[in-house]
Amino acid sequence: TVTNERFVSTDWAATFSKLECPANHYVIGYAIRGARMSSVSCAKTKREGGLGGNGRTIWFDKGDNRADGNLGGEFALSDYKGQCRTNEYVAGIAYTLRGLNSGWPAAIYCKSVFEAASAAVRQSHSPAPVIVLHMVLGALFFVGAHWI
């Protein structure tokens, strides 16, 4: 469980508070206390070579920002959704209390999976699934898993 910015690797959401998992971990959920973000839950990868790669910020505070053809369909009608590509994982969540914002998630930090590690895992006898999570204002939704 991460409750502060101690693992933030770069300022991927300027002026926003960020909760980011440590290296080789990915977001599996988050908690709201009162009306604002309080923590993210992280899981350690079992992938040979770990996780990593370049990161990008997906903003969804003003509308949907989804990748890969809206994988998962319209799973939260009327709610804004942020979604990483299928070759990425959720590494962090950003929020703010400034202005009219209430502390709900506004962005996710998507990091790409190392290709070299992916090839090593595909060739091993016990590949690890990557969980596909999609962030909606107020909730993380499990959509599926795929092997990499």
> If you go through segment 107-136 one residue at a time, how many are open to solvent by less than 20 Å² (accessible area, probe 1.4 Å), part of a strand (DSSP E or B) and either at pLDDT 50 or above or not aliphatic (A, V, I, L, M) (or both)?
Replying inline: 5
>> Can you tell me which of (1) open to solvent by 30 Å² or more (accessible area, probe 1.4 Å); (2) within 21 Å of Glu48 (Cα to Cα); (3) at pLDDT 80 or above is the one Trp104 doesn't meet?
In response: (2)
> Looking at segment 44-56, is at least one residue in contact with a His (Cβ under 7 Å, 6 or more places away or on another chain), more than 16 Å from Cys110 (Cβ to Cβ), exposed (fewer than 15 other Cβ atoms within 10 Å of the Cβ) and at pLDDT 90 or above?
Replying inline: yes
> Within segment 66-85, which residues are over 11 Å from the mean Cα position of the chain (by Cα) and open to solvent by 40 Å² or more (accessible area, probe 1.4 Å)?
Replying inline: Arg66, Asp68, Gly69, Asn70, Leu71, Gly72, Glu74, Phe75, Leu77, Ser78, Asp79, Tyr80
> Which residues, counting only those in segment 25-43, are more than 13 Å from the chain's Cα centre (by Cα), open to solvent by 40 Å² or more (accessible area, probe 1.4 Å) and not β-branched (Val, Ile, Thr)?
Replying inline: Arg33, Gly34, Ala35, Arg36
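Please go through segment 13-24 and give me each residue that is open to solvent by 70 Å² or more (accessible area, probe 1.4 Å) and polar (S, T, N, Q), ordered by number. Don't jump to the end; show me each part of the working.
Step one: of segment 13-24, the residues open to solvent by 70 Å² or more (accessible area, probe 1.4 Å) are 15, 23.
Matches in segment 13-24: Thr15 only.
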>> Looking only at segment 86-101, count every residue that is closer than 14 Å to Asn54 by Cβ, more than 10 Å from the chain's Cα centre (by Cα) and of a type in the set (Ser, Thr, Tyr) and tell me the total.
In response: 0
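The values are calculated or read from the model by the stated rules, or taken from the named source; none is laboratory data. Just so it is clear, the structure is predicted and the values come from calculations on it, not from any experiment. All Cβ positions, glycine included, derive from the backbone under ideal geometry; neighbour counts span all protein chains shown. What goes into the accessible areas is simple: the full protein's heavy atoms, side chains included, and nothing from ligands, DNA or RNA. Shrake-Rupley method; radii C 1.70, N 1.55, O 1.52, S 1.80 Å.
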